[in-house]
Amino acid sequence: MACLVLSGSLLWPVILKKDIKMDVLAIIGAFITLIGSIFMVLGALGLVRMPDVFNRIQTGTKASTLGTILSLLGLALIVPSWSGKLISFILFVGLTNPVSSHVLARAAHHLKIPMSVSDRTVTDKLSEYYNNNPKEVEE
Amino acid sequence: MVNTILTIAGALMLVAILLSLYRFLKGPTTADKVVAFDVMTVSSSAILVLLGYYSNRYIYLDVALVYGLLSFIGVIIVARYIEKGY
């Protein structure tokens, strides 16, 4: 046991040598950025391929939010001295992007845009809610 | 190695912007266009951060932050306008 602890403490300076650690962190961050950009491409592809406004809102904003968060996180691993502002940017994107997609879906529902061409979008909870509570329908 | 992977990531973000530009030009309703605008601005703010890494300037993060804020306010304004008219 003591031998293990001693060898571990002797190995620490080798493992935690600054250049090696920064290199490994930078490569991991680059791969996380790559994964985030792949999520962005998939979200934009869903934006092209989806049949309906609501499906497009869902796939576009969710996937692009996750992609932006992942790519900024990877960049914060690559450049650790920028991580404060990058983390505040991540919090900003995570707060504002779902809000804008929610407001947009509400406006699209208010415009009575038809759900889907081939009837693959079935559930409409907001209309059911308005039918059950007629007082809460906004003018 | 890191710079190569980041270049590939930036190219993929550009592909995402082009795909959503197709929906922005073609989209049948206003909501489609606004969603495409939202995705475009979010992807391009990530590209701005990458450009800040390439040219090694800390101030580009502020540019990306203000850009994201303005795109958020624009989407909210258009959505409120097409929902209620004010």
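Which numbered condition in (1) at pLDDT 85 or above; (2) within 9 Å of chain B (Cβ to nearest Cβ) is the only one that A:Ile113 fails?
That leaves (1) as the condition not met.
If you scan the stretch A:37-86, which residues turn out to be more than 17 Å from B:Ile17 (Cβ to Cβ) and without any contact (Cβ under 8 Å) to a residue 24 or more places away in the chain?
A:Met50, A:Val79, A:Ser81, A:Trp82, A:Ser83, A:Gly84, A:Lys85, A:Leu86 - these are the residues of the stretch A:37-86 that are more than 17 Å from B:Ile17 (Cβ to Cβ) and without any contact (Cβ under 8 Å) to a residue 24 or more places away in the chain.
Do the conditions hold for B:Ile77, that is, is it more than 16 Å from A:Ala63 (Cα to Cα), out of contact with any strand residue (DSSP E or B) (no Cβ under 6 Å at 6 or more places or on another chain) and without any contact (Cβ under 8 Å) to a residue 40 or more places away in the chain? Spell out the reasoning first.
Working: more than 16 Å from A:Ala63 (Cα to Cα): yes; out of contact with any strand residue (DSSP E or B) (no Cβ under 6 Å at 6 or more places or on another chain): yes; without any contact (Cβ under 8 Å) to a residue 40 or more places away in the chain: yes.
Criteria met by B:Ile77.
Just to be sure I understand, how many residues within the stretch A:116-139 are at pLDDT below 75, more than 28 Å from the chain's Cα centre (by Cα) and not polar (S, T, N, Q)?
Residues flagged as at pLDDT below 75, more than 28 Å from the chain's Cα centre (by Cα) and not polar (S, T, N, Q) within the stretch A:116-139 amount to 8.
Pull up the stretch B:43-58, narrow it to residues that are part of a loop (DSSP other than H, G, I, E, B) and facing chain A (nearest Cβ under 10 Å), then point me to the one that is surrounded by the most Cβ atoms within 10 Å (Cβ to Cβ).
Just the residues of the stretch B:43-58 that are part of a loop (DSSP other than H, G, I, E, B), to begin with: B:55-58.
Still in the running and facing chain A (nearest Cβ under 10 Å): B:56, B:58.
Numbers: B:Asn56: 8, B:Tyr58: 11.
If we take residues in the stretch B:43-58 being part of a loop (DSSP other than H, G, I, E, B) and facing chain A (nearest Cβ under 10 Å), then B:Tyr58 is surrounded by the most Cβ atoms within 10 Å (Cβ to Cβ).
Taking A:Ala108, is it among the hydrophobic types (A, V, I, L, M, F, W, C), farther than 30 Å from B:Tyr53 by Cα and touching a residue at least 12 places away in the same chain (Cβ under 8 Å)?
Details: among the hydrophobic types (A, V, I, L, M, F, W, C): yes; farther than 30 Å from B:Tyr53 by Cα: yes; touching a residue at least 12 places away in the same chain (Cβ under 8 Å): yes.
Considered against the rule, which asks whether it is among the hydrophobic types (A, V, I, L, M, F, W, C), farther than 30 Å from B:Tyr53 by Cα and touching a residue at least 12 places away in the same chain (Cβ under 8 Å), A:Ala108 comes out as yes.
Which residues, counting only those in the stretch A:70-82, are in a helix (DSSP H, G or I) and surrounded by fewer than 20 Cβ atoms within 10 Å (Cβ to Cβ)?
Kept after step one, since they are in a helix (DSSP H, G or I), are these residues of the stretch A:70-82: A:70-78, A:80-82.
Of everything in the stretch A:70-82, those that are in a helix (DSSP H, G or I) and surrounded by fewer than 20 Cβ atoms within 10 Å (Cβ to Cβ) turn out to be A:Leu73, A:Pro80, A:Ser81, A:Trp82.
Of the conditions (1) farther than 29 Å from A:Arg49 by Cβ; (2) surrounded by fewer than 16 Cβ atoms within 10 Å (Cβ to Cβ); (3) of a type outside the set (Phe, Trp, Tyr), B:Thr29 satisfies every one except a single condition; which number is it?
Checking B:Thr29 against (1) farther than 29 Å from A:Arg49 by Cβ; (2) surrounded by fewer than 16 Cβ atoms within 10 Å (Cβ to Cβ); (3) of a type outside the set (Phe, Trp, Tyr), the one that fails is (1).
With the requirement that a residue be more than 7 Å from chain B (Cβ to nearest Cβ) and within 15 Å of the chain's Cα centre (by Cα), what does the stretch A:71-82 give you?
Listed by number, the residues that qualify are A:Leu73, A:Gly74.
Yes or no, residue by residue, for (1) within 14 Å of the chain's Cα centre (by Cα); (2) surrounded by 18 or more Cβ atoms within 10 Å (Cβ to Cβ); (3) among the charged types (D, E, K, R):
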| residue | (1), (2), (3) |
| --- | --- |
| A:Thr61 | yes, yes, no |
| A:Leu66 | yes, yes, no |
| A:Gly84 | no, no, no |
| A:Gly94 | yes, no, no |
| A:Ser101 | yes, yes, no |
| A:His109 | no, yes, no |
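How many residues are assigned to a helix (DSSP H, G or I) and more than 7 Å from every other protein chain (Cβ to nearest Cβ) if we restrict to the stretch B:16-42?
Filtering the stretch B:16-42 down to residues assigned to a helix (DSSP H, G or I) leaves B:16-26, B:30-42.
Then drop every residue that is not more than 7 Å from every other protein chain (Cβ to nearest Cβ), which leaves B:17-18, B:21, B:24-26, B:30, B:33, B:37, B:40-41.
The total comes to 11.
The values are calculated or read from the model by the stated rules, or taken from the named source; none is laboratory data. Since the structure is predicted, the reported quantities are computational estimates derived from the model, not experimental observations. Every residue, glycine as well, gets a Cβ built from its backbone with ideal geometry; the counts of neighbours run over all protein chains shown.
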